[in-house]
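Nothing in this text is a laboratory measurement; each read-out follows from the coordinates by a stated rule. Only a predicted model underlies this, so the values are computations on that prediction, with no experimental measurement involved. Because the Cβ atoms are built from the backbone with ideal geometry, glycine has one as well, and the counts that use them run over all protein chains shown.
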Amino acid sequence: MEGDSLEAVNADIVECRACSRLVEWRERVAVEKRASYAQDEYWGRPVPGWGDPAATLLLVGLAPAAHGGNRTGRVFTGDRSGDWVFRALHRAGYANQPTSVSRDDGLQLTGAYVVAAVRCAPPANKPTPAERDTCLPYLLREWQLLDRVQVVVALGAFAHRVVCDLAGLRPRPRFGHGAEAVLPDGRVLLASYHPSQQNTFTGVLTESDFDAIFVRARALEA
């Protein structure tokens with residue numbers, strides 16, 4: 001889109017009310033709140049992407065957590081998955097600090113941009129195919145604007161499928177931790193298990209395994 005910008009994409013995302021189920025859920029969570037965050041003012045809107053506009057790495061997650069991004073207004077901020085993400089990005093040199101607790105916590109990304117495939121917190125962390133497809137144009141705009149990106153890291157099978165479909169990669173490669181595929185535009189897709197509590201608490205994903213993804217991303221950018 002001629003004249004488009006990341007700022008314009010983010011403004012459109014924040015105002016989106018296209019999916020009634022997601023709108024109802026995100027706003028209800030923002031009112032009912034979790035007891036431990038009872039004093040917080042929840043964001044309760046779609047969560048835009050953020051990071052370095054000159055990024056060489058694009059990180060794609062599933063969706064904001066109900067009491068994470070939906071509370072703080074920044075993807076992977078204020079939840080345990082985000083703790084893993086930003087520790088790893090910090091160790092790989094993409095982030096200036098290893099923690100992310102709020103939009104004004106001083107965290108800065110260099111060479112990385114972070115988005116979610118679906119921008120609203122979904123019930124049970126499970127967007128519908130229709131909700132996924134409704135959000136896809138936002139990612140397409142970011143994809144085109146972030147023209148220095150060389151490596152795309154997809155966190156989980158859902159994000160992996162979204163990226164493959166967006167990039168027109170056929171046949172779609174099998175998802176697996178550390179799996180690589182060259183996209184039609186020359187970017188490299190790296191697959192990673194999602195740093196969900198289900199994966200990290202059970203040892204399906206270890207920090208060394210997660211770090212290896214970003215070490216590989218650095219090597220591919222060189």
Calculated diffusion of the chain, Stokes-Einstein form, Kirkwood radius summed over Cα pairs, 4 °C and 1.567 mPa s, µm²/s: 75 µm²/s
Euclidean distance between Cα centres, segment 89-149 to segment 13-53, Å: 15 Å
Cβ-derived FRET efficiency at R0 25 Å, R218 paired with V182, nearest 0.05: 0.90
Theoretical ellipticity at 222 nm over the chain - DSSP helices of four or more residues, -39500 (n - 2.57) apiece, nearest 500: -11500 deg cm²/dmol
Built amide H within the under 5 Å cut-off of C120, gap 5+: V47
